[in-house]
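Here the structure comes first, spelled out in structure tokens, and everything after it is commentary.
The values are calculated or read from the model by the stated rules, or taken from the named source; none is laboratory data. Fair warning: this is a prediction, and the values are worked out from it, not measured in the lab. Cβ placement follows ideal geometry from the backbone for every residue including glycine, while neighbour counts extend to all protein chains displayed. The accessibility values were calculated without ligands, DNA or RNA, using every heavy atom of the protein model including side chains. Shrake-Rupley method; radii C 1.70, N 1.55, O 1.52, S 1.80 Å.
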Amino acid sequence: MTEVGVIGGTGFRPGLPERRRTVFTPYGTVRVDITRVGDHLVYFINRHGKGHDLPPHRINYRAIVWAMRELGVKRILATNSVGVINSDEYEPGDIVLPVDFLDFTKRRPTTFYDEKVVHVDVTEPYCPELREALLKAADDLGYTVKEGAIYVATEGPRFETPAEIRAFRKLGGDIVGMTGFPEVVLARELEICYASVCLCTNYAAGIDDRRRTIDEVFELVEELRPKVVELVERCIEYIPPERSCPCSRALEGAEV
């Protein structure tokens with residue numbers, strides 16, 4: 001049996017709910033829904049909280065990732081809504097697997113190592129084994145999933161300006177979101193595998209001439225939700241029992 005963590009928004013919980021648990025961490029308490037997908041135990045955390053009342057910049061990312069560790073989770077699958085920067089390759093409605101990121105957040109705690117010096121390698125920040133499992137699941141389901149995007153993380157809660165988007169594109173950014181960082185590096189610091197399934201919900205500011213509204217974002221999220229949940233559930237069946245990825249050895253040689 002593989003234990004898998006899933007971090008997402010309201011309604012993205014895979015499997016059938018069995019029970020709920022509160023996990024106490026050094027960073028705060030976290031509510032976890034415990035479900036099953038086949039023979040696998042799945043721990044689901046809604047990053048925005050009950051009622052979707054936590055904006056991206058106030059999410060307790062450290063508590064969420066630490067709670068997964070307390071539960072014994074070694075693999076985390078996350079879902080993230082994003083805007084499209086690179087309109088030559090992506091468009092609203094696409095499901096995308098990022099392979100790298102650019103961090104433009106400002107005020108969030110981004111590490112567990114404030115009291116000692118630990119330099120964790122993030123040459124390959126998103127777990128290759130989990131990405132492979134997601135691609136196999138997509139192929140099995142007949143879904144088109146695009147891999148290779150560079151995720152740009154911004155602070156929020158406002159949308160980005162056209163000038164910012166132009167700068168991000170020049171730097172190589174493909175998609176932009178507010179929740180994918182620091183989850184990915186916090187997981188790496190705890191040697192937990194992490195992969196993100198990104199839902200392209202809109203064009204970023206300046207890519208087209210439409211005004212960004214949260215209503216259009218949520219409309220497309222609702223449309224994509226069943227497909228993403230099915231993708232995550234099928235992916236869990238393809239995750240290998242034992243890890244051979246670099247995530248599992250992230251702290252080797254990292255501490256000064």
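Quantify, in whole percent, the carbon and sulfur part of the accessible surface of the chain (1.4 Å probe; protein heavy atoms only). That share works out to 47 percent.
Just report the Cα centroid separation between region 43-66 and region 116-144, whole Å. Region 43-66 and region 116-144 have Cα centres spaced 21 Å from each other. Take the chain with all the other protein chains still there, run a 1.4 Å probe, and you get 46 Å² of accessible area per residue. The order of the peptides 172-185, 144-157, 65-78 by mean Cβ neighbours within 10 Å, most packed first, is 172-185, 65-78, 144-157.
Shown for the chain: lysine pairs separated by 8 or more places, or found on different chains, whose C-alpha atoms are under 24 Å apart, numbering 9. For percent of Cα pairs over 25 Å apart, computed directly from the structure shown, the correct entry in (i) 39; (ii) 43; (iii) 48 is (i).
Think of it as helices only: each DSSP H run of n ≥ 4 in the chain is worth -39500 (n - 2.57), and spread over all residues that comes to -8000 deg cm²/dmol at 222 nm.
Note on R19/D139: beta-carbon distance plugged into 1/(1 + (r/R0)^6) with R0 of 35 Å gives a FRET efficiency of 0.60. Taking every DSSP beta bridge that has both ends in region 18-166, the antiparallel portion is near 55%. If you sort T79, T111 by accessible surface, 1.4 Å probe, largest first, the order is T111, T79.
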